[in-house]
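For reference, the structure is listed below as structure tokens.
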Amino acid sequence: MRILIAGLTTRALAESALGAGCEILTVDYFGDLDQKRLCENVSLRERGAGYSAAGILEVARGLAYDAVAYTGGLENHPGVVGELARGKVLLGNNPETLRRVRDPAVILPFLAVRGFAVPRTLWPGWPLPRGGTWLRKPVRGGGGQGVGFWNGGRLDPGYILQEFLPGTPASAAFLADGRRCVVMGWTEQLVQPGGFAYAGNILPLDAPPGVFGEVQAIAEALTGEFGLRGVNGFDFVLRDGRPVLLEVNPRYCASMELIERATGTPVF
């Protein structure tokens with residue numbers, strides 16, 4: 001079976017798949033040289049194009065493959081994922097699952113009513129806050145891009161206001177089969193100075209023992225309700241001894257490369 005791996009950057013997942021003995025080809029933006037030494041790769045950058053989900057799909061339509069897996073960037077484009085998987089085996093979450101778990105209006109209330117901690121969140125058209133510190137975030141972003149402190153003013157469509165919570169930014173990674181799951185690991189998340197853009201992960205996460213049980217419980221709740229499959233992750237802030245979930249990443253996450261190398265736990 002020939003597997004297409006597609007997304008903004010595919011090098012790490014490609015290495016994991018090759019380690020599992022899979023036959024692969026990749027389509028991404030960067031076209032890392034170390035990836036090209038290992039497998040067939042088509043790079044949007046080398047074609048003189050910027051990154052876009054539509055660009056990934058256009059290239060993929062000219063390739064022969066039997067199954068598809070995706071990395072960061074495509075979880076926000078369920079329609080493209082559906083087209084990539086048309087007539088193929090989809091290794092990961094289906095488009096309908098992506099629509100639900102990437103919607104904060106679905107995920108945050110679901111967790112809150114079950115007793116998990118989530119940040120206060122406001123949508124366009126809601127009364128604006130009069131106090132506190134708030135972040136302006138795209139509804140479907142990635143890597144912390146487009147996130148910044150809110151300085152007042154109208155909230156544009158496609159954005160939310162979310163309570164800023166000082167604490168330790170962190171990530172959890174888990175494997176799921178649609179009903180059950182197991183947490184592979186948790187890491188501290190690094191952000192760029194002066195902003196919120198993703199800059200890496202540190203393993204292990206230094207946290208009270210009770211945090212890890214709640215992380216597993218969150219993963220189990222998400223898997224059971226939304227039928228998550230394959231590798232997934234979620235970002236949270238460790239605050240007052242509890243994980244406060246920020247968003248779900250229903251695909252391969254960058255922290256998984258670190259976890260795989262450190263623990264030997266296979267990802268692909």
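Working only within the stretch 123-143, note down all residues that are among the charged types (D, E, K, R) and assigned to a strand (DSSP E or B).
ARG136, LYS137
Quick one: count up the residues across the stretch 112-135 that are in contact with a strand residue (DSSP E or B) (Cβ under 6 Å, 6 or more places away or on another chain) and among the aliphatic types (A, V, I, L, M).
The total comes to 4.
Considering each residue of the stretch 95-116, count those that are touching a helix residue (DSSP H, G or I) at 6+ places or on another chain (Cβ under 8 Å), in contact (Cβ under 8 Å) with a residue 24 or more places away in the chain and not charged (D, E, K, R), and give that number.
7
Only one residue in ARG229, ARG180 is surrounded by fewer than 15 Cβ atoms within 10 Å (Cβ to Cβ) and in contact with a Gly (Cβ under 9 Å, 6 or more places away or on another chain), so which one is that?
Matching residue, one of ARG229, ARG180: ARG180.
PRO119 fails exactly one of the following numbered conditions: (1) buried (at least 17 other Cβ atoms within 10 Å of the Cβ); (2) outside any loop (DSSP other than H, G, I, E, B); (3) at pLDDT 95 or above. What is the number of that condition?
PRO119 satisfies all of (1) buried (at least 17 other Cβ atoms within 10 Å of the Cβ); (2) outside any loop (DSSP other than H, G, I, E, B); (3) at pLDDT 95 or above except (2).
Pick from LEU74, LEU90: which is of a type outside the set (Gly, Ala, Ser) and buried (at least 19 other Cβ atoms within 10 Å of the Cβ)?
Step by step, each of LEU74, LEU90 is checked, and only LEU74 is of a type outside the set (Gly, Ala, Ser) and buried (at least 19 other Cβ atoms within 10 Å of the Cβ).
Which of the residues that make up the stretch 83-140 are among the acidic types (Asp, Glu) and closer than 19 Å to GLY233 by Cβ?
Matches in the stretch 83-140: ASP103 only.
The values are calculated or read from the model by the stated rules, or taken from the named source; none is laboratory data. This is a predicted model, so every value here is computed, not measured. In this analysis, Cβ positions are derived from the backbone assuming ideal geometry, glycine residues included, and neighbour counts consider all displayed protein chains.
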